[in-house]
Structure formats: C-alpha cells, structure tokens
Amino acid sequence: MKQFLWQGELCALSLWTEKVKEIEKVRSHLLNPLELDTVLKACTSLQNQLREGALRETFLTTLLEKGNLDEKESKETIEEIISFIDRKTLEEKIARELCAGDASRSAFRLERATYQQNIFEAWQPLGFLVHIAPKNAINLPFFAVLEGLITGNISFLKLPEEDFGFSTLCLHSLAANDETRNLKNYLYAAALSPKDHNTLQAILREADGVSVWGGEGALEAIRQLTPLHARWIDWGPKISFAYLDPAAINEKTLENLAREICAFEQQSCSSPQVIYVDTEDWDTLNAFAKNLFPILKKISQETPRLKSPQLNEQAEITRVDSLTRLEKTWDKKSTAVYCEEDFRLYVEKDSHLKTSPLFRTAWIKPLPRKNILDTLTPMRHYLQTAGISVKRENLTDTIKLLNTAGVNRVTEIGTMLSSYAGEPHDGVYALERFCKRVSVRLEGSETNFLGSLEEWATPKESLPPKGEVQNKELFQTQTVAKEFSDLFFKSGGSTGKPKLSIFTYADYHAQMRAAANGLLAAGLDPKTDRAVNFFAAGGLYGGFLSFFTILETLKAPQIPMAMHPDFSFVAESIVQLKATALLGMPSYLLRLFEEEKDTLKNYRGIKKIFYGGEHLNPAQIEYLKHTFGIEHIQSAAYGGNDTGPIGFQCLHSQGGVHHLLEELHQMEILRLDSDEHVKGQEEGRIVLTSKIRHGQNISRYDTEDVGRWTLDNGQCPCGRRQPKFELRGRTGDIFRAGGFFINSRNLTRTLSNEGYPGEVQFLIQSRKHVGGDTVLLRASESIGWDPERIRSLCLAHDKTLFEAVQENEITFICEVVPKSDLLRSERTSKLKLILDERQ
Amino acid sequence: MLVDFPKNPNPLLLSNVERVCLEPLPYAYHEESDTVFLSAMREIISWHKEYSPFYRSLLEENNFNEGSLKNTRDLDKIPAIPAEFFKRHEIISRSQKEIALTLTSSGTSGQKSKISFDEWSIRAPQSMLERQFELNGWVTADTKTNYLLYTYESEPTTSLGTSYTDLFLCRFAPVKNVEFALKRTGKGGHEFDCYGSIRALQEFSTEESPTRIFGFPSFLFFTLERMKDLNIKLTLPKGSFVFLGGGWKGFQGKSISNEALTALVTDRLGIPFENVRDGYGAVEHCIPYVDCPKHHFHVPLWSRVLIREVKTLRPLPFGEAGFLHFLSPYITSVPAHSVMMGDLASLHPADECGCGITSPFFKVLGRAGTTQNRSCAIAAAELLKEAR
C-alpha cells in the first residue's frame, strides 16, 4: 500500500496512523445524508470520463503496469465499469432489489406502505459499512463499495495487502466527479495486513455492517472481530454444478458444457465443478464422459488460456490427479479418468458434491433425480448455480427439487457464468443486505391526508439548475432514444402535426405516485370516496389515463367515464353507483350539472369535486356547492402535458395556490423580462427542472405560466414543507404598457369574481406626444355593465394598474361594444385577449 | 537402550531393511549406505508386492519391477502413493492378528487417517527417535525432568498418534511432573488451558530440574503471547528444551515463522536458540526428522527425500520447490515406503547449513494445493469431504 483513501482524498501512507484515529468521527457524516442522485450524477460524469480522455488513460496505465493485465483485459475491465455505473442500469438495479421491481418507487423515502392505514416505510442505509474485498476480482471491490453508496452507506474498503491501487483510483475518481462534495465524506479505503487485527478491530467497532468476501478461514477471522451491532454480510465460497439427463442433451448441450468448463479457467463461483448425470448406471455415466471427451478436447483447443496455474494451483491439480488415478487402481468399477494435458474429466461412482482443482477439470457423477434432495442438502451452504438440461416434462419439478436442496440460481447450460442486472446474488439482493427497513405508524388523523412523511421534513438545499432556459419549441425538437420512449402524449400544439411529450413507464408512474399523494392532500379519501374519472381519453390525451393510475395507486374505488357524451347515462351511473367525488374539466362538469340538474340535485351524494385543465371561478364554486350540496371543491392537480404534474393543493390552498411536487421538480420563478430570479412575491415565469425525467429532458423548461411564491411559503398550516406558489395566469396574458407589466388575467379574474359573466378584450395603443400607452378594455355590451363600474373595479383590485395610472404612464379606458366587435382568431374563432396596436 | 529392540518380521527376506533401520548414528553415511538402502527398498517392494494385491496392481500399471532399482538415481521410479490415499482406504500387507497398533492421524484438515502397524513398524521408528534424542544428548536417565505437553491429554483408550508420540517422548528422562496444555473436557473433547500452562511454567522455573516442552507450536505460541501481555518473564532451568511438531492445527491464519516463535521462547522462557527445536513426521511416514541446532531437517540414513515438480512429478534439483516425497523401507504393515506428502518442500545441500551434518536437508514450505488457502470455492472442499 502506497496510498490510502480518506474522505475521498488520496493520502500518503505516513498519515495513516494519525487518520485512522479519526475513525470514530466518520459516522457523523451520516447527518448529511448521501442522496442517490448525487451518486448517480457522479457515476454518469465518471462514465463519460472513462469513455475517452486523460482519466481513461490513467486507468489503462494502472491496469497495464501495476495490475499486469494485457491491453485487451485492461480495456475489458474499463468497459465493465462503464456498463456497471450506467445510470439506467443502476436505477433498474435499485428498482428490482429495493422496490420489488417497481421503478417508480422511491426506495429511501418514508412513503406510505398502504393508503388504507397510516403506515410509512422506507429503506434506510445501515450507516457505516466495512467491505472486506477479495483478492481474485479486479472490479468487485469498487462495485461493492458503489452498491454501498447507492444505498447511502459510508463505506470503508479493506483491500488485500498486495493491492495495486486500482480500486482506490476508481473511488477517488468517483468522488472527484461529485459536484455536491458530499460523496467524498462517504469514502474510505486502505490495504491492510490480515494480521493487523487491532486496526481492523478499531474500524469494525464503528461498523453497522460488514460485507465480507473470501474463504472460510478469512470469514471466520473477521467474524470474530465483528461487533454485534454490525450486520454480518458474508459472501463465502460457493460451488456450482451442471445437472443433465443424458436423454435430453445433444451435441450443442455438450459444446456449451465444454465452454462452461473452459471459461475463465473455472475461476468463477458459478463455473461448473461437478457434472451430475441423472442416472444410476455406471455404464451410462461412462458413456456420457466418453461423449463429452472429444468435444471438450475441441473446445479446449479453441479456448485460449486465461492464465496458467500458480505453483499451488498446479499442485492441487496433480494431487487430485494422482489420488484419482490411484482410486482407479483400487477399483476400476468406481473411478474412470479421461484426461489430456490441458483438461481433465474424472468419473466417480458416488454422488458426493466436491470441489474441482479447476483449470478445466470436472467431476462426472451420477445423481438420479430422486436423490437430489438427500445428496445436496448437506451442502446447501455452498450451493450456488445449477446449469441444467433435462426433458421439458421434468424441468420445473427438477428446478424445484434443486431449489429445495439449496440451489438458488438455475440457468441453462451455456449461461451459467453470465448474469443480468439486478440478479440476486447467492439467494439475496445485495442492496437489501446493505439497508434496513424502517417503519413508522402514526394512527393520528393528522396524517390521514399525508402521502409521505417526507412532506413534513425540513427541505434540503439543492444546487440551482444550470443552463439556458428552455422554451416549448426547444423542448419539442429533442430526439428521444427508443429506450426512453414508452408513453406518447400530446404536447399541446394546436397547429398542424401534434407535438409529443414522451415518457418512460417508470417516470410516468413516479409522477402518478406523486400526483396521487397530491390528490390525497387535496382531500380525496381512498377509504371512503368513490370517484368518477371524467378526464379526456384517447387521441394522445393523458388526462383520463393519468387519473386512472392515480386512483389505482390510491386504491380508491373508480368509475371510469372519460368525457362521455350521454349525460343522462352518466348521471344515472353516478346515482346508481353511489359516486361521492367527481374528477374532471370544469367545462364538462358544469355542463353535466346543467343537463342533469334535477337528477343530481335530488341525489346530493356528490360531496367532492376535483377539477383540472381549466379554472373554476368563485361564483361557479358557490353555485355548485349551493345547488348540489357539494362540500369540497379543489384543484385535482396543477400540471402540464410536457412536465407532467407540477403541484397540488392541500386543504389550506384555494384558487391558484399550490404546493410544489418537490420530489419531481425543482421550480424557479424568473422575472417576466429577464432570466433573473424574482424577488419576494413578485410575479414571474414558472420554470421547471425535472428531477426524475429520462429521455425527453425537462431542464429549466419555461411553462409559460405566471406565478409567485406565496407568503406562507414553508409554513403552511397543513405542515407540509414543500414550497407554495400561486398561479397568476399565462405569460401570454401579460402585456407591458407604460413600463409596467399588466396581468390581464388578474383583471378578468377580478371581474369574474364580481359576477361579470362575459368576455373582455384589451387593446394597447401608444399615446401620442406624451409617451406611455393607452390600455383600452372592451367589454360585451349585451351584459349591460356600466364601463365606469368596470374601470373602478379594475383599479381597485390591481395595484400595478392603479400605480401606472397614478403615475400617468398608462391611460386606462373602459368601453362596452357589441359582442361581434370583439376580435377573434380566424382559424379557431377563439377570442384574442390582447391586441397590441403599438408600432 | 530404552526402546525394545525391534524384531524383524522375516530376517530372511528383510535383512537389509533391518540393517538400514538399525543404523546407530542417524547421519553417519558410509560407503555402503546407498547400496544397503537400495537393497532394503527392493526387499520391501517385493514384500508388499507379495502381500498387498493393491500394491501389486499399482506396480503392474506403472510397469515397475524392483529389479530395475540399480542405483540411487532409480529411486524416483518407485511409484509414490500420496499420503492422503491412506486416509481413504485401509491398505494392509499383514494379517489382522499381526497388527499391534492402529494409529489415527490427528488430521490438520479434519480427516482422520487410520494406519496399522505391526510390531516391527512401530518399534523401528521409535528406536530411531531414541537415536535422534541420544545424538542431541537428550537421553538423561538420571535427571528428573518436568514436562509441559502441548498435546491432547490422553483419554483412557486413546489411539491418536500425536498423544502416543508425546507420551513416548517422556521416557528419555524420568518424569517429575507432567502438565497437559490440552486438557480433557470429560466429554471426549479437549480444551486449551492457558493459565494452567503458565502456572506450570512458573512452578517449573523455580525448580532445579530441567523442563521439556513438547507438542503443537500454536498453543505454545498462545501461551507465550499471553505471558507477554501479562508481563510474565521466566527463566527455565539449564538443560531445558523445546521440541515441537505437528503443525498449527487449524490456526494457520495466526501462524508465525519458526524464527519468530523461537525468539519468543528465548525471550519469555530463557531457553537458548539452539534448544528450541522442531520435529517433522507423520503417521503415513514415521521416520523421525529432528532439526539440527541450526534448525534444518537433515535426511537421516533411514530414508531418502525427493522433491518432485508439481506438474510433471519429475525430480527437482536442489533449491526448487515441489512435492515432498519420502522413501524408506521401514514399514512392513502398509505399503507406505514411498509416500508423497501433502506438503511443498525444497531440498538443500549440507553445506548450506554448516552444522556439521553431511547429508542434505529439506525445508517445508507449506501445504501443497489450494484446499487450505484458496479464497473461493475450493476452501469448501474440506467440509464437503467431512459430509461424506
């Protein structure tokens, strides 16, 4: 050991004695938890550096010069790292190992375990994890530590004394690629002599978990030094074998078997050491060996030697060979030998599982199916992989027998050595062993509408998003890789060809899970409510599907209607199925209540409405509550086609006020005329950066919505700590006149709140001679409102407009005109809200 | 002579065997040594060929005939049987009634080997050991002596080889006190008694009588370590010595070098370097090897040593590491006259030592093979065998 790694930094050996005294302080870094995203970002950054450049060269040189690998092996080693640290692979691994395969779950958040009871569960890192690395695998120590890091553990890697520094290099490079500078606090590594018990014991005393690779002796020695409070995570020696029915194999099977015997000189735990043949007959067994012999000879010649046996490994081969040949002399009916210089097959009449001296050596033994259990069970601690080839009618039964005997991995012969991402190792998921499952039960009613305990946690500081602000056009021109394209929704775009917003299933479900918690916060009670889903379905619309998933996530009873045109059928169904809550667009819901007024008035069973896509004004809300006995009307979600759900309302949020779905997005409010952050409660553009989205990138995406942070930010009476903001309209609703930003939506909202039911239009003209602008508000004559009333209401409710008029920057005029004089878009005949007539 | 003089099972057929085995001075090679040894080997090969069908077929398969043993260079042609093979099968060249003793090897790695001895095959090595002791001046019939034995306290009906040897070792100087470091638990097991050992050493150090310490190095090491921790330092009387053997008994992970152990003995017990000695022997090959004052195992007249290359089994020149192969005509009960040990060793010319003994010496380099020290799958092998 020339250097060691302490808090992510390479230190000279002379500092070791001093540093190791600080081992007691290492656990204190757990107070600043290591975020999964931090590790994944560092991995991606390291991955890019390993593809080409100076770091790749350093890695290659270290492997070539200090590790004695050849160029091909060195490159393969680096490729193995590149693929292991891939973000998607690691995310899939976490999903499989900690989320029961559900990639949308957040493994480490205190989330509801069920919506029927107030139970919350999460995976918690063990804390301080000591890894005792093996000698025989170059990348394994780094991968093991990485598994510790993605589960949030501080890791100390004990390397073998003769380590050449590659693992340390990997870890140091990973820490160097972390912008948060928190990862380094989680990284320690040193090569220690196995006899330096005192140091090891001092380190282990702090451990919450000890992950040990190695032989039985090494494991036992470490175990004795391990305190009770440290979880014992052992990866001890394992043996694998092939199991085959001579009637179910062909030449291809034998070739595959021969390849398994030659691959990696059998150095892997999953290499076959014994070939079990489903027979009791000595002649059948011998015949099998005779068939395999020439094929193994051919394959062995084709397979280059990975390495030659060391002195002791060769001694083992010779020792076993001499003994087996003597056994044959002792009894020719119980032992046979089929050997060439570079491979060996030994046939034995008994069924006992035993280790092979490796380097292309296998035992061939009989094992009738009926004896599998009795023969293998005593070895269950050592069993790993069985490569099998049996008749289909026996396949499942044989696998189950093998599993019962203790085999935890079964593959076809030919794939014994290859694994898939997230495959359990030795019968367990590694990540689970590095974590503990914590549970919280809070039966008090105040958590009834809380989806996750994280909502009450002190918010964590995150780095501000970087890069250019992204407009819709920029967003839509991204090309999305096929692997990230699972779900296609319409991304607005009312002109021409529909633009698409593309999601992965995992991202979609993560968003729906968050939105479900939002709907819960808004007051939908999955235990008592029965909800009708009225959002639009089909034709690339995401509304109905999203709320279907949301209600399913909540396990809330659901009546799927979509925007069904047969209102009487809809109303009958509501009554018949005793629906209590309606979810949909205001325009559709208002029409339904209008068309089926009598039925629904009589029913009075609808207690809640959750709306989305449009606004309901206070007058409409009042009407619905009063006429139909509805008690609770709230926004179902604030979201967009491109961004997915963004915010939700709690019971203390009304109108446009929402909490941010902070697990999904980072939100900025930028000034209307520049990319600066707004000050205080100033109105500005809502700009989002997704924390989870794959493929189609949401990075400082301008939603074209206008909003402001609200006063009770962080101090909402509901206890949630997610930021709170108020939607104030669309950026298209805002015009600049006389040097002031006027929000037309604020004025229309004022009028609507006062009971004005019609449309208005704004004309902006330059004032002649004096500078400044004239703002002309045109209202519909047919409503019969006095223009002066309109003007005074607007000035009373809009501070900015009032100020501008006071300072004589704006001349504000109201007039009423025939409805036909209000200008409309020729194509869609939608009203044009703002007409800018300035040159 | 303390050991009964062994009786040749067949003086007609085994006259040279007797001559080799009864050579009085272990290292006094003479002009006829090699010729007599070759004749003895021919005699013992014919003997086993006659009485062991297994051995007969082994020779046939190897196309070997004792007649082809013309000079010492031909010794490497004698088929060697791995010591481990005797753990698997009971191979006997004599009738059951001629068997005087069946010894079980204490088995470093969990297996017990059973080897049967007739009267001759026990007595010959025993008397060789006496001659080794004599050579070192350790046969002192008139000096009462204290013994600390790092070996298993005997059960009433023990058949473990090591205990047998260590009790046997007590007959070369009259016993004053005997202390066992590995005491009986009463349930068939044994337990290391560290404080009892220290107490015995403390008592022995106050006496005039010398102390002899025999047995496993591991437990002596644990005792000395504890003494060091407790700051106990003793000086054992003049004439005391340590004679170890039997390996580290499952404590390989904690083993230290012979040099370090010797230094520790000198430091804690005041026994000089040249009086801390080591023995090498095995149930499968009973010739007693005792290291010289410079701690080297020289080859006595009673046996020959070959080092064989681990792949081809060809004999290796001085200095190279390979399988340790012993040849000795001493045994009539079992065809164990050509045994390949489970250890790796190297052979060295006498002048590399310089102690005055003129025969070459061997160094044991550790277990051959990976069963003991492989980190992955292989290590499980021992347990697997136990489950047989």
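The values are calculated or read from the model by the stated rules, or taken from the named source; none is laboratory data. Just so it is clear, the model here is predicted, and its values are computed rather than measured. Here Cβ is always computed from backbone atoms with ideal geometry, including for glycine, and neighbour counts include all displayed protein chains. Only protein heavy atoms, including side chains, enter the accessible area calculation; ligands, DNA and RNA are left aside. Shrake-Rupley method; radii C 1.70, N 1.55, O 1.52, S 1.80 Å.
Computed quantities for the displayed model
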item	result
Segment A:Thr284-A:Ala248, length gained on full extension (0.36 nm per residue, minus Cα span)	11.6 nm
Computed E for A:Tyr541/A:Glu594 - FRET, C-beta separation, R0 22 angstrom, nearest 0.05	0.40
DSSP-defined antiparallel bridges as percent of all bridges, chain A, nearest 5	50
Amide proton proximity set for A:Val347, modelled H, under 5 Å, gap of 5+	A:Ala336, A:Val337, A:Tyr338, A:Ile364
Relative contact order, percent, the stretch A:300-410 [alpha-carbon distance under 8 Å, six or more residues apart]	18
P(r), alpha carbons of the stretch B:1-67 - 5 Å bins starting at zero, rounded %	4, 15, 22, 19, 17, 12, 7, 3, 0
Computed label-point distance, nm, for sites B:Ile256 and A:Glu676 using a 7 Å Cα→Cβ extension	7.5
Set of aspartates and glutamates with alpha-carbon distance to A:Lys333 below 19 Å, sequence-local pairs under 8 removed	A:Asp278, A:Glu280, A:Asp281, A:Asp283, A:Asp321, A:Glu348, A:Asp350, B:Glu60, B:Glu61, B:Glu90
GluC sites (Glu not before Pro) restricted to the stretch A:123-171 and DSSP loop, no more than 16 other C-beta within 10 Å	A:Glu161, A:Glu162
Residue-by-residue Karplus 3J(HN,Hα) for the stretch B:167-177, coefficients 6.51, -1.76, 1.60, Hz, glycine and proline x	5, 4, 5, 7, 8, 7, 8, x, 7, 9, 9
Low-density loop cleavage sites - trypsin sites (Lys or Arg not before Pro) in the stretch A:176-271, where at most 14 other Cβ are within 10 Å (DSSP)	A:Arg181, A:Lys195
Lysines with Cα under 20 Å of A:Lys608, excluding same-chain neighbours fewer than 8 positions away	A:Lys527, A:Lys555, A:Lys578, A:Lys597, A:Lys625
Candidate residues A:His197, A:His381, A:His29: accessible-area rank, largest first, probe 1.4 Å	A:His381, A:His197, A:His29
Rg/Rg_ref, the stretch A:1-83, where Rg_ref = 2.2 N^0.38 Å and atoms are Cα	1.38
Where GluC sites (Glu not before Pro) fall in DSSP loop in the stretch A:677-773, at most 13 other Cβ within 10 Å	A:Glu682
B:Ser46 paired with B:Ser15, simple spin-label distance in nm, labels 7 Å along Cα-to-beta-carbon	1.1
Greater than 18 Å apart at Cα, pairs in A:Lys297/A:Lys332; A:Lys472/A:Lys499; A:Lys328/A:Lys365; A:Lys88/A:Lys691	A:Lys297/A:Lys332
Under-5 Å amide H pairs with A:Thr279, H placed in peptide plane, nonlocal only	A:Leu367
Gain upon complete extension [A:His632, A:Arg51; 0.36 nm per residue less C-alpha separation]	203.5 nm
Fraction of beta bridges assigned by DSSP in the stretch A:257-400 that are antiparallel (%, nearest 5)	45
Residues in the stretch A:72-93 that a label on A:Phe484 would reach, taking backbone N under 17 Å of a point 7 Å out along Cα→Cβ	A:86-92
Computed E for A:Ala100/A:Asn403 - FRET, C-beta separation, R0 30 angstrom, nearest 0.05	0.90
Mean separation of Cα contacts under 8 Å, 6 or more apart, over the residue count of chain A: relative contact order %	9
Per-residue [θ]222 nm for the protein assembly as shown (sum of -39500 (n - 2.57) over DSSP H runs n ≥ 4, rounded to 500)	-9500 deg cm²/dmol
All-pairs Cα distance distribution in the protein assembly as shown, expressed in whole percent, bin size 10 Å	1, 8, 13, 15, 14, 12, 9, 7, 6, 5, 4, 3, 1, 0, 0
Exposed GluC sites (Glu not before Pro) absent: longest stretch of chain B, with sites in DSSP loops and at most 13 other Cβ within 10 Å deemed exposed	B:91-207
Over 23 Å between alpha carbons, listed pairs A:Lys307/B:Lys87; A:Lys195/B:Lys183; A:Lys460/A:Lys482; A:Lys370/A:Lys400; A:Lys158/A:Lys460	A:Lys307/B:Lys87; A:Lys195/B:Lys183; A:Lys460/A:Lys482; A:Lys158/A:Lys460
C-alpha long axis of helix A:586-595 to longest principal axis of chain A, angle in °	60
For A:Val657, solvent-accessible area (1.4 Å; no DNA, RNA or ligand), Å²	30
Rounded to 5, percent antiparallel among DSSP beta bridges of chain B	60
Inter-site label distance for A:Glu572 and A:Gln7 at 7 Å from Cα along Cβ, in nm	7.5
Stretchable slack from B:Glu203 to B:Arg184, in nm (0.36 nm times residue separation minus alpha-carbon distance)	4.7 nm
Residues listed by number, the stretch A:227-248, amide nitrogen under 18 Å from A:Glu423 label point at 7 Å toward C-beta	A:235-243
Derived scalar couplings ³J(HN,Hα) [the stretch B:195-207; Karplus, 6.51 cos²θ - 1.76 cosθ + 1.60; whole Hz; x for Gly, Pro]	5, x, 5, 5, 4, 4, 4, 4, 5, 4, 5, 8, 9
Restraint check, A:Lys607/A:Lys679; A:Lys799/A:Lys819; A:Lys298/B:Lys311, Cα-Cα greater than 30 Å	A:Lys607/A:Lys679
Crossing angle, helix A:166-176 versus chain A [Cα axis fit, 0-90 degrees, rounded to tens]	10
